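Below you'll find the structure, written out as structure tokens, and then a few comments.
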Amino acid sequence: MLLEVPSFRLEQITSYGRASPSNLWYNQAQSEWVMLAQGQAILLFKDQAPLHLNAGDHLLIPKHTLHRVEHTSTDAVWLALHFSDDTPAPHTTDHSTLS
């Protein structure tokens, strides 16, 4: 765990060539932005073609999207940001009406 606060969690994941168990589908309550910082990986999303990732590739996985890690290289390292996207947008001021 690199950083955790109430609204998000940032972590580094070293896969060491491991994959998800074949009967496990992640169904997370928070959205997740992931970046494969090093190595290669294959992600599976329920009822979709495999997604092949190389170092530098990143994607957003919306909450409750069924997915699993099918394969990782022995040197695969990820950055994962888990966050709640249920919070209302911050209040902004329309500066065009200010003089």
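Since every read-out is calculated from the coordinates, none of them should be taken as a lab result. These numbers come from a predicted model, not from an experiment. Cβ coordinates were reconstructed from backbone atoms using ideal geometry, including for glycine residues, and neighbour counts include every protein chain displayed.
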| Residue list for region 51-87, filter: of a type in the set (D, E, K, R) and under 16 Å from Gln12 (Cα atoms) | Asp57, Asp75
| request: With respect to Leu44, determine if the residue is hydrophobic (A, V, I, L, M, F, W, C), under 13 Å from His82 (Cβ atoms) and either touching an Asp or Glu at 6+ places or on another chain (Cβ under 8 Å) or without any contact (Cβ under 8 Å) to a residue 24 or more places away in the chain (or both). | output: no
